[in-house]
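S.K.: Next up is a structure, given as structure tokens.
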Amino acid sequence: MTKITGFSVEISLAVIRQAQQGDIDAFEQIYHTYAKACYSLAWRICGQEVMAQDLVQDVFIKVINKINNYRADGVFAGWLRQIVVRETINKIKAETKLHLVTDEDLSQQECTDLFDCNWLESCRDLETLTNQLSVTSRAVLLLHEVEGYNHKEIAKFFNKSESFSKVTLNRAYTALRQRVSSQESTNAFNR
Amino acid sequence: MHLTDEKLLELNESGKEHLLQCTKCKQRAKVLIGIRQQLDQQICQSSTLPDFKASWHIVKQVHEEVHQQSESLQKVKTTKAQHKITFWQVSTMMLAASLLIVAIFPHMKVNPEIELPVANKIVLVKWIEENVQLQQLFEQQYNNNLLTRVSINQLQFKLASIDDLLQQAYFKNASDEEKLTLWQQRKKIIKNSLLNIKKLKLKNSHTISI
């Protein structure tokens with residue numbers, strides 16, 4: 001039997017209602033149910049353990065103040081997930097200088113060869129390689145390709161245009177491919 | 001014409017249709033799915049988890065502080081509301097008590113043979129009516145919250161003292177002049193407060209227009 005983990009875990013509405021009324025035990029239950037999922041998501045997006053750890057605290061402090069805004073018209077975990085993404089991106093934005101893209105940049109990305117072959121297949125240290133990307137590129141790559149957000153949603157999180165998300169994603173893949181190929185060359189040379 | 005990488009990364013309806021017909025793009029889409037799976041599986045799987053219990057203590061502290069703050073805020077709001085109700089309950093009750101005494105006064109007269117001069121009676125009735133009207137007017141103005149808590153308390157104290165004196169005057173069957181003086185004082189106090197509200201209103205509108 002598969003154990004349900006992360007944001008897939010559902011918490012009862014009764015517990016949420018109790019937390020909304022200020023019940024600390026109910027809030028603790030929510031915290032322990034989702035803290036790990038929040039950390040993992042924040043860490044995936046920003047790639048920094050300390051920042052992700054801080055973000056878990058920031059997110060739950062935000063939840064303390066905003067929990068009464070949750071109207072139970074959607075899944076609580078989904079609502080919480082949005083807060084994690086938003087807080088993480090806000091932190092990234094505050095700590096890094098975002099690269100602005102122009103239409104000219106966008107037209108340069110019109111290519112069709114990024115996925116001709118699975119260049120990632122031989123990569124054994126994807127973690128390190130993605131950490132070598134800029135924090136913005138990593139965030140957009142993870143949000144679009146793993147977390148399933150579309151360009152429109154990502155643009156909204158970053159308060160940028162859709163072009164920003166498209167170009168950043170394309171650049172992230174290009175940079176990742178270059179790093180994989182460079183890693184392969186180094187490994188071949190060492191052998 | 002094959003799908004660009006950008007279109008492949010976020011397929012729209014026409015892109016999906018194209019994939020059904022184009023073997024090359026279908027193959028590229030498969031590669032992309034494989035890459036996505038690898039990203040999903042390999043990133044964040046090896047990350048060491050922090051101590052969530054320590055982090056919880058900080059969150060708990062904030063929760064307690066926020067909860068205490070909201071409780072205190074709620075208390076202040078309730079006290080304010082209660083104070084407002086108490087003030088009107090008291091002042092309205094005092095006036096009502098005075099009016100009741102005025103109404104039943106003819107039946108309580110200790111010396112029925114002493115009759116009030118007609119002129120004085122008319123003035124007395126007129127001033128009682130004016131007091132009631134002024135108090136109603138003041139209640140409407142008071143709702144605008146223009147007066148400070150201190151001035152409201154002062155007014156409450158003054159009205160309560162006069163109403164007390166008025167009740168005593170009627171019980172003691174005091175002289176007509178004494179009662180008239182008290183009703184006149186009461187009227188003056190409410191009038192002054194209304195005047196203060198007017199001044200504050202003018203001041204406020206002047207500030208807004210600036």
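Just so it is clear, none of the values below were taken in a lab; they were calculated from the coordinates. Just so it is clear, the model here is predicted, and its values are computed rather than measured. Backbone-built Cβ (ideal geometry, glycine too); neighbour counts: all protein chains shown.
S.K.: Per-residue HN-Hα couplings for region A:152-167, Karplus 6.51 cos²θ - 1.76 cosθ + 1.60 at θ = phi - 60°, whole Hz, x for Gly and Pro?
M.R.: Karplus values, whole Hz, x for Gly and Pro: 4, 5, 5, 4, 5, 4, 8, 6, 10, 7, 4, 4, 4, 5, 4, 5.
S.K.: Starting from the eigenvalues of the Cα gyration tensor, five times each then square-rooted, give me the equivalent ellipsoid semi-axes of region A:103-190, largest first, whole Å.
M.R.: Semi-axes from the Cα gyration tensor: 25, 15, 11 Å.
S.K.: Would you mind telling me which residue in A:VAL167, A:VAL50, A:VAL180 has the biggest mean-square fluctuation in a Gaussian network model of chain A, where springs connect alpha carbons within a distance under 10 angstrom?
M.R.: A:VAL50
S.K.: What is the fewest-to-most order of A:SER40, A:SER122 by other Cβ atoms lying within 10 Å of their Cβ?
M.R.: By the 10 Å Cβ count, ascending: A:SER122, A:SER40.
S.K.: Another question, then. At what distance in nm do the modelled label points of A:LEU13 and B:GLN21 sit from each other, each positioned 7 Å from its Cα along Cα→Cβ?
M.R.: 4.8 nm
S.K.: Under a plain spin-label model, where a point goes 7 Å from the Cα along Cα-to-Cβ, how far apart in nm are B:LYS30 and B:HIS57?
M.R.: 5.5 nm
S.K.: Can you bin chain A into rounded, prolate or oblate? Criterion: square roots of the alpha carbon gyration tensor eigenvalues sorted a ≥ b ≥ c, rounded for a/c under 1.5, prolate for a/b above b/c, oblate for the rest.
M.R.: Judged from the Cα gyration tensor, chain A comes out prolate (a/c at least 1.5, a/b above b/c).
S.K.: For each of B:HIS67, B:HIS57, B:HIS2, count neighbouring Cβ atoms within 10 Å of the residue's Cβ, then give the residues from fewest to most.
M.R.: Starting with the residue having the fewest Cβ neighbours, the order is B:HIS57, B:HIS2, B:HIS67.
S.K.: Over 22 Å between Cα atoms: which of A:LYS156/B:LYS16; B:LYS7/B:LYS30; A:LYS62/A:LYS93; B:LYS126/B:LYS188; B:LYS75/B:LYS198; A:LYS36/A:LYS156 fall into that group?
M.R.: From A:LYS156/B:LYS16; B:LYS7/B:LYS30; A:LYS62/A:LYS93; B:LYS126/B:LYS188; B:LYS75/B:LYS198; A:LYS36/A:LYS156, over 22 Å: A:LYS156/B:LYS16; B:LYS75/B:LYS198; A:LYS36/A:LYS156.
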